[in-house]
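Let me begin by presenting the structure, written as structure tokens, before commenting on it.
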Amino acid sequence: MSALLQEQQPVPGADPAGLLLLLPRPALLLLGPAGSGRSALSFRAALLGASSYSRARALFLAPRPLERLPAGGAHAAGAGAIQRIHFLYPPSFRELLQLVASLHETFSCSLSLVVLDGLEEYLGSCSSPAMAAQLVALLLDTVNHFSQKLPVESAAGCKLVVSMRISGEAGEQAEYFWAIERYFPAQCWLHPSTEEIADSGSQGITKLIRARLSQPGTKDQEWLVRFDPQGDMRISLHPCEGEVDGCTASGTNRPPEA
């Protein structure tokens with residue numbers, strides 16, 4: 001996820017696209033309320049996954065096509081990266097489940113990244129939390145399959161990024177969250193800031209999002225994501241709140257028990 005949330009200027013001594021593939025965990029859950037930039041960051045992840053090496057391919061799954069491709073990432077990922085992303089739009093949970101179950105037969109090429117954007121929309125037609133857990137288990141089995149097919153230049157294996165709209169008041173979705181979160185030891189929570197910056201040219205408002213990555217065994221990391229009035233995205237490292245206590249995840253980040 002570090003690669004998703006880097007400023008467009010490369011970090012000294014690190015390749016931003018390579019950082020995504022060096023995540024110690026194979027799966028990341030991207031969480032946040034409506035308007036928190038989840039789709040934009042998911043698409044940026046797909047771009048970086050597709051540009052990780054010359055033969056890399058990424059798969060982007062969503063309930064429907066994006067209204068427009070989010071700005072602020074295509075040129076940073078490298079020329080031709082978007083041509084190496086396969087976009088598929090299964091309209092229901094049942095069709096998504098069937099698609100994921102057959103991906104190992106559908107794709108002859110090796111995938112370096114699988115992105116599922118908008119999981120919450122599929123949960124509306126999901127019969128039970130157990131079925132949601134089955135979907136995630138199939139996704140993890142799929143990325144494991146493609147990891148074994150990847151060439152040596154991608155030793156880190158295939159990764160999985162799933163985005164889900166959720167807030168502190170999760171309501172009926174909470175039971176689905178508790179059913180799937182155990183599959184995602186790495187979670188990134190997006191918190192829209194109450195602070196907005198007026199554009200100096202009077203062209204609109206710059207929206208600020210605080211992104212916090214938590215995973216076992218490491219300190220939490222934070223970034224500040226800025227969306228300008230034109231939709232361009234800029235990302236920079238942000239000092240983690242609570243640094244004095246090791247920056248561990250706060251219980252307020254998570255939805256209440258169902």
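The values are calculated or read from the model by the stated rules, or taken from the named source; none is laboratory data. Computed from a predicted model, the values in this text were never measured in an experiment. Note that we place each Cβ from the backbone using ideal geometry, even for glycine, and neighbour counts take in every protein chain shown. We work out accessible area using only protein heavy atoms, side chains counted, and drop any ligands, DNA or RNA first. Shrake-Rupley method; radii C 1.70, N 1.55, O 1.52, S 1.80 Å.
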Residues satisfying the stated conditions in segment 57-84, i.e. farther than 30 Å from Gly124 by Cα, within 18 Å of the chain's Cα centre (by Cα) and at pLDDT below 75: Gly72, Gly73, Ala74, Ala76, Ala77
Matching residues, segment 87-108, being over 21 Å from the mean Cα position of the chain (by Cα), touching a residue at least 40 places away in the same chain (Cβ under 8 Å) and assigned to a helix (DSSP H, G or I): His104
Pick from segment 129-167, criterion within 17 Å of Trp189 (Cβ to Cβ) and not small (Gly, Ala, Ser), ranking: modelled with the lowest pLDDT: Ile166
Qualifying residue in segment 109-128 (condition: at pLDDT 95 or above and over 19 Å from the mean Cα position of the chain (by Cα)): no
Residues (closer than 23 Å to Leu237 by Cα, open to solvent by less than 70 Å² (accessible area, probe 1.4 Å) and at pLDDT below 85) located in segment 168-196: Ser193
